[in-house]
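A short write-up of the structure that comes next.
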Amino acid sequence: MGAVQLLGVQKFFGTMEVIKGIDLRVDDGELVVFVGPSGCGKSTLLRMIAGLEDVDGGEVLISGVEVSGLAPAKRGVAMVFQNYALYPHMSAYDNLAYGLRRSGMARADVDSRVRETAALLQITDLLPRRPKAMSGGQRQRVAIGRAIVRKPEVFLFDEPLSNLDAALRVEMRSQIARLHQELKATMIFVTHDQVEAMTLADRIVVLNSGRVEQVGTPREVYHNPANLFVASFIGSPAMNLLPITRGEDGSILLESGEQMIWPGGKIDGPPGRALTLGLRPDRLSLVGSDQGQISGTVHLAEHLGDETILHVQTAAGRALTLKCDGDAPARLGDLVQIGLDLTGACLFDPDGRRVQ
Amino acid sequence: MGKSTPSGQAGAETLPRRRRRAGRNEARAGVLFALPWMIGLAIFTAIPLVLTFYIAQARFQITGAPKWVGLQNYSAIWADPAVWTSAQNTLMFAMISVPIKLVLALCLALLLNRVTMLSGFYRTVFYLPFLMPAVAGSIVFILLLNPVAGPVNMMLQAMGLSPPDWLLDPKAALWTLILLSLWPLGVETLVFLGGLQNIPKDISEAADLDSPRGWHKLVWITIPLITPMILFNLVTGIIYSFQVFTQALVIGGTTGKPAEATLMYMVVLYRAAFRYFNMGHAAAMATVLFVVVLLLTLLIFRTARSWVYYEGESR
């Protein structure tokens, strides 16, 4: 298996720079997830590693070898596409065998490799079928099989689960995680789904507008976002962002006029410094009438069984999201008091950088 | 009893009945829209076809009433050496020109498929020859291939080659006709281009990841996915080549100059009909041609099941 290294990689579409000098290292056997909003360049970056897009600047190294000028098939990568991209005129068996046959492998070896892979993915009974005669999940398994069968150095997944229904996604996600464990392969996975990113990744690469915003483990990215973009993008529901100012004594001054003590002691900087307080929805709670720091009106209550997501409009017009118990009593239109727990809170400066 | 008043009918009508009525209205509209085409088909295709079958078994010289002669016209064409010569030439023409035309059109479509700049311009340019009247195109070729002043022979001579007499050498004349038939490739190319552009990009990319060799992708992925277009071009190509007429008449006249080398089946048919006014003979030839082309087409369609892949097929 191989490590992937990107050195100042750039990509232009016309005059527009869509990948802006990215440096990144994906270690051997690591599963890295590229995550970001639509149009952030995550798929383009993956396709550049695969060789399906030209690299306009910088270098792409796989196992230490510069591959920017190599054809996709010579890079030692295999890719699983969003729309499966199975050859529709071939059976699943032929789809798996195609690359091996074209590489000149002996017929018996091809057969044993295909059957071994099919057994690993539990698709042996699908081998005689054409893609049209399979469900979405079955096609995706065959597509993964086609990637595995060639034993590439690096696996690339381009939003492979986005066409599947929710239940199938969970199943396929665990199957990919299991494959990663068994094959100990280097995998790069592109998704816009944070749950996929958080559950699968060894490390997450958060991309925005062609730049890397943060690289870290799922826990790091979730608990210690490097900036406002990562904080607001990672986590579902998203982090609550409240404008605050630094009080005279280094405390937090909320818009409502309430004062709170920062858990670490004092906030850095001069009094009156404008900052943004980031709080995860589970750090906000419904409290009694005199204990809350903020009051607001419930304008949406999402009852999810074990938990309820409340969307509250504050008096200052801010939208807040709370994660409460499933039996939380609040209903639409209720006036509620919200208590803030600053444990794990983040502070961002006006440029969006995390300061504390 | 049980009959509702017209005013209450719409409300009281059951859903299946309303659906049936809507279906009938839709069918009526469909027939009305198709009617002009159906009338045209009857007048210009079906009736002449039936008449041809009838006249093929009659003596008919345009004037006067046809006289029933049974299979006499068929035995006459069986005994006519010109028919056999022309059939042989036509078969040879079809066997050579159709595959070459398919390969050239596919190559051109593959090239056009890669063109990103001025693609519309190139497509128009390659389609234009098809729009040019066949007579005009043939005359241009006669001028180009003129053994004395034609630019083709002048160029070949300049390159130190001894060019053939394209139009008067019996060995070269059929090839000249084939060359002439290859010129308007526009329709075949556009059909192939449509097929190529219909191949999903990610399938093509998956093939790029599976093998670095372009010809692997062409043979194993691209061509199988455009087999419906190959079938279409093959069938229409065979039908066209068996009916090659204008170019053959311009180059070889009604005698298939030189030495009957360009004497095509349709030229002999035309000669029988409009030079000798032997409509029965011509109709019998047309019937034989119809049956031969029909059988060939059916044969191709039958074999197509094993080599044509249609999108949506799951077998």
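The values are calculated or read from the model by the stated rules, or taken from the named source; none is laboratory data. What you see is a predicted model, and the numbers here were worked out from it, not measured in a lab. Positions of Cβ are backbone-derived with ideal geometry, glycine not excepted, and every protein chain shown enters the neighbour counts. Side chains included, ligands, DNA and RNA excluded: accessible areas come from the protein's heavy atoms. Shrake-Rupley method; radii C 1.70, N 1.55, O 1.52, S 1.80 Å.
Numbers at a glance
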| read-out | value |
| --- | --- |
| Within-13-Å neighbourhood charge of B:Gln61 [Cβ basis; K, R +1; D, E -1] | +3 |
| Accessible surface buried upon A-B contact (total; probe 1.4 Å; Å², nearest 100) | 2200 |
| Structure-based [θ]222 nm, chain A - -39500 (n - 2.57) summed over DSSP H runs of at least 4, per residue, nearest 500 | -7000 deg cm²/dmol |
| Solvent exposure ordering (accessible area, 1.4 Å, most first) of A:Arg354, A:Arg107 | A:Arg107, A:Arg354 |
| Qualifying GluC sites (Glu not before Pro) for region A:216-273 [loop in DSSP, other Cβ within 10 Å: at most 16] | A:Glu248, A:Glu255, A:Glu258 |
| Listed residue (B:Val308, B:Trp84, B:Ala283) projecting farthest to the positive dipole end of chain B, Cβ model | B:Ala283 |
| Within straight-line cross-link reach of B:Lys171, lysines at Cα separation under 27 Å, skipping those fewer than 8 residues along the same chain | B:Lys101, B:Lys257 |
| Rounded to 5, the percent of DSSP beta bridges in region A:103-235 classed as antiparallel | 50 |
| 10 Å Cβ neighbours from other chains, averaged over peptide B:300-311 | 1 |
| Around A:Gly99: net Lys/Arg minus Asp/Glu count, Cβ-Cβ under 9 Å | +3 |
| Estimated inter-spin distance, B:Lys171 and A:Lys184, nm [label 7 Å along Cα→Cβ] | 7.1 |
| Average silhouette area of region A:119-196, convex hull of alpha-carbon atoms, in square nanometres | 5.2 |
| Förster radius 45 Å - calculated FRET efficiency between B:Met38 and B:Leu144, Cβ distance, rounded to 0.05 | 0.55 |
| Dipole in debye (nearest 20) - region B:11-87, about Cα centre, beta carbon charges: Lys, Arg +1; Asp, Glu -1 | 700 |
| Solvent-accessible ranking of B:Leu156, A:Leu320, largest area first, probe 1.4 Å | B:Leu156, A:Leu320 |
| Rounded D (µm²/s) - region B:74-306, Kirkwood Rh over Cα pairs, Stokes-Einstein at 20 °C, 1.002 mPa s | 108 |
| Whichever lysines have a C-alpha closer than 16 Å to that of A:Lys11, once near sequence neighbours (fewer than 8 apart) are set aside | A:Lys20, A:Lys42 |
| Region B:6-91 - percent relative contact order, Cα under 8 Å, separation 6 or more | 13 |
| At 0.890 mPa s and 25 °C, Stokes D of region A:1-146 from Kirkwood alpha-carbon radius, µm² per second | 145 |
| Heavy-atom accessible surface of chain B: percent carbon and sulfur, 1.4 Å | 70 |
| Counting DSSP beta bridges with both ends in the protein assembly as shown, the antiparallel % (nearest 5) | 80 |
| Debye equation applied to the C-alpha atoms of chain A, log10 I(q)/I(0) at 0.11, 0.15 Å⁻¹ | -0.83, -1.19 |
| Rg(Cα)/(2.2 N^0.38 Å) for the protein assembly as shown, N = residue count | 1.43 |
| Loop trypsin sites (Lys or Arg not before Pro), region A:1-85 (other Cβ atoms within 10 Å of the site Cβ: 10 or fewer; DSSP) | none |
| Distant alpha-carbon pairs in region A:240-356 (separation over 26 angstrom), percent | 20 |
| Charge dipole magnitude, Cβ of K and R +1, D and E -1 - region B:7-55, Cα centre, debye nearest 20 | 340 |
| Beta bridges by DSSP in region A:4-232, antiparallel share as percent, to the nearest 5 | 55 |
| Backbone HN-Hα couplings from phi across region B:123-128 [Karplus 6.51/-1.76/1.60, Hz, Gly and Pro as x] | 4, 5, 4, 6, 8, 3 |
| Total formal charge among the other residues, if their Cβ is under 10 angstrom from that of A:Gln82, Lys/Arg +1 and Asp/Glu -1 | -3 |
| Nearest-ten-degree value, helix A:136-148 long axis tilted from longest Cα axis of chain A | 60 |
| Residue-wise HN-Hα coupling along region A:55-72, computed from phi with Karplus coefficients 6.51, -1.76, 1.60 (Hz; x: Gly, Pro) | 8, 8, x, x, 9, 10, 10, 10, 6, x, 9, 5, 10, 3, x, 8, 5, x |
| Centroid-to-centroid separation of region A:129-168 and region B:13-43 [C-alpha atoms, Å] | 45 |
| Projected label distance in nm at B:Thr246 and B:Phe121, using a 7 Å step from Cα toward the beta-carbon | 2.8 |
| Accessible area (Å², per residue) of the protein assembly as shown, counting only protein heavy atoms and a probe of 1.4 Å | 50 |
| Label-point separation, A:Asp282 to B:Leu295 (7 Å along Cα→Cβ), nm | 8.0 |
| Percent accessible area from carbon and sulfur atoms, region A:158-265, protein chains only, probe 1.4 Å | 51 |
| Given charges at beta-carbon only (K, R positive; D, E negative), |dipole| of the protein assembly as shown in Debye | 3400 |
| Partner aspartates and glutamates for B:Lys217 [C-alpha distance under 16 Å; skip if fewer than 8 residues away on the same chain] | A:Asp94, B:Asp202, B:Glu205, B:Asp208 |
| B:Lys171, B:Lys217, ranked by accessible area, largest first (probe 1.4 Å) | B:Lys171, B:Lys217 |
| Cα lying deepest toward the dipole's positive end in region B:74-306, options B:Ser204, B:Pro170, B:Asn153, charges on Cβ | B:Ser204 |
| Positive-end residue, the protein assembly as shown charge dipole about Cα centroid, Cβ charges, pick of A:Thr297, A:Gly41, A:Ile244 | A:Gly41 |
